[in-house]
Structure formats: structure tokens, C-alpha cells
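> Below you'll find the structure I mean.
The values are calculated or read from the model by the stated rules, or taken from the named source; none is laboratory data. If you're wondering where the values come from, they're calculated on a predicted model, not measured in any experiment. A quick note on method: Cβ atoms are made from the backbone with ideal geometry, for glycine too, and the neighbour counts reach across all protein chains shown.
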Amino acid sequence: MTKLLEVKGLHAGYGQTKVLHGIDFSIEQGSVTTLLGANGAGKTTTLRALCGMIRRSGDVLLNGEQINRKQTEDIVRVGVAHVPDGRGTFTRQTVEENLQLGAMTRGDKAAIAQDMELVFSYFPILKERRTQQAGLLSGGEQQMLAVGRALMLRPKLMLLDEPSFGLAPMITREIFEIFRELNRKEKVSMLVVEQNAQIALDLADQAYLLETGRIVFSGRADDIRDDENLRKAYLGY
Amino acid sequence: MELFVQQVIAGISTGSIYACVALAVVMIYVAIGHLNFAQGEMAMFSTFIAWQLITWGVPYWVAFFLTIAISFVGGVIIERVIFKPLDNAPILSHVVMFIALLTIITSAAGFIWDFSIKTFPSPFGSAPLFGSSLISAHQAGMMAVTLLLLLALFFFFRYTRVGLALRASADNPVSARLVGIRVSWMIALGWGLATAIGAVAGMLVAPVVFLEPNMMLGILVYGFAGAVLGGLSSPGGAVLGGFLVGVIENLAGTFIPVIGGELKLTIALCIIVLVLVLKPGGLFGRATIQRV
């Protein structure tokens, strides 16, 4: 298996406050990787650093190409789609326009229309609401919209920031089921950041545990799930 | 009754000036999220450029479109040079900058072209339209241009990708960057468009009020009133608001004896206050509904 993303010695923070103290990890082509940890461990910060939304240092390579000096807008153009915390909905635009915005950097009109149908096939509710103002969707629907918007990029890598946040358990399960399908059928590689370790480990192939800005464990998701001590120590279940 | 109809029509025709200015106000509001107090003065300066071109012998319509282009570029440059460094500054810094811009532009115009009143030609002529005394050809032309401008803007925002990108940048700038929109250029584009629209407004107003550095001072207040009345986020609302302000102003001036011609500007201010107190979103502004 080849490495899609390689991160070496990533430091990042906000102003004077350092959050990440040099983390290393990698994502295999076509796999789902999850980054777990408690509140304030630096999960969201990692994703923001990857996308250049905050100041960072260290090496980030996508398919061997350095992207750690690129600006957010250009990182999108090399195929990294970020589903941010809070879902990043364009609340005043319609559902359909939100999806079109996801394909903003692409020029192929026919393929964009095709991909929109693809998104609707995964999330039929979005098709029903395509002309509605996106701010009026429920939390779960907005999460689906955020994932749909990311798919419209035809991303090589999708970064998902706490997709379960604020959702009812049933909706969360439904959405994670769709992630699994997207990974298998559309071959989208994913980096999932989660507080809900259980559901994330069920989905992921590879997992990293993050504690106060350092990676304290890495391994196969199954191994972590089966290791009771590790689970108790870091994941609290 | 005849007086009433006459005043309504006169109101609509002055209203088209306000509508045009209100459109520029809304444009900048959509792009940057607040009002540009120097908008009127920027429009005045654009009009002076047009006047200079015409004085040099450039045909009217060539000067007209050249001025629009120059204004667009000027707007983009003002954003890049002056406002981009203030990106994360608090709103008051912007307000101070707007006021600085206002005084600088007024003085610059006075310095270059002096403060004497100049006449500005109308491309439509000042003869009465179809021989009727109610409305002049220039007023009719002004209305037509305003509506055309509105239509063009509508299509731009509704049906083009750049229009969508501009809306998205105003709606959620962080998310806009995450889908690859170059938000800071979108803001510059908004400035360019607003300045260009302001230039059109200035060139249409100048034949009526005469060209001088302070010509937009009062008109901008009416433009604000129109924009607020129509809803700051709605171009169509702004145009209708502009027309309404024109009509209200005229009717009040005619039928309420206390007001007469002297207190007309007060009406615009009263409209602003009343709308903000009673219906802050304006007539057509989107009430911002948000789940939290």
C-alpha cells in the first residue's frame, strides 16, 4: 500500500499557545484513519494545520508533494476536502448551491452535474430539499450536506472533523455507515477526528491516539478496540 | 388629485437616483458586511473623471464606460491597498478609514477640479418625455439605467459562478476558503463592483444636481435610507426602497406644510430610524434565521 498523506514533525498553535508539539502520522491510500483523543488534545487543530487555516511548521506530503507551504485555497485544489467542525454550512444559500460551491474549483460542468446526482443518491433527503435555504436544515442534514459538499470536489482525501457532534446516535450511525460505503465504493480516503471513539474505531483501519498535542499510540483500529487497558486509559470506555 | 399624481411621479424620478446609490450601498454591504460612508464621495470622484474625459472631447458614451472601468479598478485598488491590511481589525477601524477616505476624496476633488459648480451633460437630454410635463427624458433614462443595472446584478448573483462565490464568501468566509474560493479577491471584486455602480449613480445624478465635490453628501443619506428600507442584503429591495424614499419625501414635502422643501432630508433620517426600530431587516432583507 502506498502512502497518500505523510505528516512529519507537525507543530501548530494559536497565537502564543502551542497545541501540537511535533506529531507524525500517515494515511494509506484508500484507507480510513482516525485520530482520537479527549477535548483539547489537538484533533481539530491537526486538521486545521493540514489545511493551512492556522500557522504551522513541519512537513506535510500528499502523494509525495509538499503541501505545508500552500494556502488553504490551494490545498483544496490538490484534492483535500475538509468537512470542518460546525459543518461550515453556507446558511443563506440553497442546498443545491452549497453543493455547487463544493465543486467551485472544478471546470467540468457535465461531471459536476453527475457528481451532484451521486451525492443525492447517497443522501436522498438533500435532493428533496435542494431548493431550501441550507441554514434551515436539521443538524444531521447539515452534516450530510457538508459531506456532500466535500464529495463534490472528488477529493483524494477527506478530512472529517467530529462528524458525530450534536447528532442523535441513530443519525450518527447512519452517517458513519455512509462513510464506510463512500470509502469502499468511491475509494475516498478519509481522516476522521472523533470524540466518539467507539464508532470511529468501527469504521477506521488505522488509528492514532492524541494527548495534549502528542501522539501517544498508533496502530490498527482493531488492536486498539481489543486492548482494554488502552481503551480505559485514553478513551474512557 | 392631479397634484398627488404629479408628486408621486416626481418622487419616482428622484427616487431613481436614490435607488442607484442604494444599489451601490447594498453591493458593498453584501461584500464586506458593513456600510461604506465614503461611497458617495467615491461616486462623486468618478463623476469628475467622466467630466474631465468629456471636457477633453471624449464622446459621452465612451467616457461613460471608460469611467465605469476606471472606477472598478480604482475600487479594487482601494480595497487592496487600504482595507486589506485592516482585515482582522475591529469594525471601528474600518469606520475611521471610511471617514478618512471621505474627507481625502472630497479635498482631492476640490484640489484638482476646484469647488465651483459644473454642469454635467445628460445623454438623454432634458426635454420633457413625449411632450408630457410630468417627467423629463433624463429622468426616464435614469430609471431605465437603474432597472437595467438591477437586472444585470440579479443575473450576475443568481446565475454565475463568480456571483455564487461572492455570496458564499459573504455568508461564510471560512467555509468559502475551504471550498477553494479566494475570499480576499472576492472582497476586492465587491469593492470594484460597488465603485462601478456608484460611478453610474454619480453620472446620472450630476445632470440634476450639478457637479461639485459635495454633491453626493445629501444623496448618500437618501441612498442609505433606501437601502435600509429595502433591506441591506437585497439589491431588488434597495431599488424599490430608493423609489419609495423618493416618493415619500416628495409627498411629505408637498402635503405636510411644516416640512416643505427645507426639512426633506430629515425625512430620510426618520425613515432610517423608523425602519431600524420597527423592522430592522427592511422590507425585503432576509431575516437571518440560524440554528444554534
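> Within region B:52-75, can one find any residue that is under 25 Å from residue B:174 (Cα atoms) and either in a helix (DSSP H, G or I) or at pLDDT 95 or above (or both)?
Here is the first cut: in region B:52-75, the residues under 25 Å from residue B:174 (Cα atoms) are B:75.
Applying the additional criterion that residues be either in a helix (DSSP H, G or I) or at pLDDT 95 or above (or both) yields B:75.
So far as region B:52-75 goes, yes, one or more of its residues are under 25 Å from residue B:174 (Cα atoms) and either in a helix (DSSP H, G or I) or at pLDDT 95 or above (or both).
> Another question, then. Please determine whether any residue of region A:35-48 is over 15 Å from the mean Cα position of the chain (by Cα) and of a type in the set (Lys, Arg).
No, every residue in region A:35-48 fails to be over 15 Å from the mean Cα position of the chain (by Cα) and of a type in the set (Lys, Arg).
> Given A:173, A:154, A:214, which one is under 23 Å from residue A:80 (Cα atoms), modelled with pLDDT of 90 or more and not acidic (Asp, Glu)?
Working: A:173 fails: under 23 Å from residue A:80 (Cα atoms); A:214 fails: under 23 Å from residue A:80 (Cα atoms).
One residue alone meets the criteria, A:154.
> In region A:50-71, how many residues are away from chain B (no Cβ under 14 Å) and not in a loop (DSSP other than H, G, I, E, B)?
So the answer is 9.
> Return yes when residue B:193 is within 15 Å of the chain's Cα centre (by Cα), at pLDDT 90 or above and surrounded by fewer than 24 Cβ atoms within 10 Å (Cβ to Cβ) and no when it is not. Write out each step before concluding.
Values: within 15 Å of the chain's Cα centre (by Cα): yes; at pLDDT 90 or above: yes; surrounded by fewer than 24 Cβ atoms within 10 Å (Cβ to Cβ): yes.
So residue B:193 fits the description; yes.
> Can I ask one more? Of the residues that sit in region A:72-87 and are touching a residue at least 60 places away in the same chain (Cβ under 8 Å) and at the interface with chain B (Cβ under 7 Å from one of its Cβ atoms), which one is surrounded by the fewest Cβ atoms within 10 Å (Cβ to Cβ)?
It comes out as A:84.
> Got a sec? Which of B:170, B:144, B:137, B:196 is more than 10 Å from every other protein chain (Cβ to nearest Cβ), of a type in the set (A, V, I, L, M, F, W, C) and under 13 Å from residue B:28 (Cβ atoms)?
Working: B:170 fails: more than 10 Å from every other protein chain (Cβ to nearest Cβ); B:144 fails: under 13 Å from residue B:28 (Cβ atoms); B:137 fails: under 13 Å from residue B:28 (Cβ atoms).
After ruling out the rest, the residue left standing is B:196.
This table checks each residue for (1) without any contact (Cβ under 8 Å) to a residue 12 or more places away in the chain; (2) hydrophobic (A, V, I, L, M, F, W, C); (3) within 14 Å of another protein chain (Cβ to nearest Cβ).
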{"residue": "B:157", "(1), (2), (3)": "no, yes, yes"}
{"residue": "B:162", "(1), (2), (3)": "no, yes, yes"}
{"residue": "B:165", "(1), (2), (3)": "no, yes, yes"}
{"residue": "B:174", "(1), (2), (3)": "yes, yes, yes"}
{"residue": "B:181", "(1), (2), (3)": "no, yes, yes"}
{"residue": "B:189", "(1), (2), (3)": "no, yes, no"}
{"residue": "B:219", "(1), (2), (3)": "no, yes, no"}
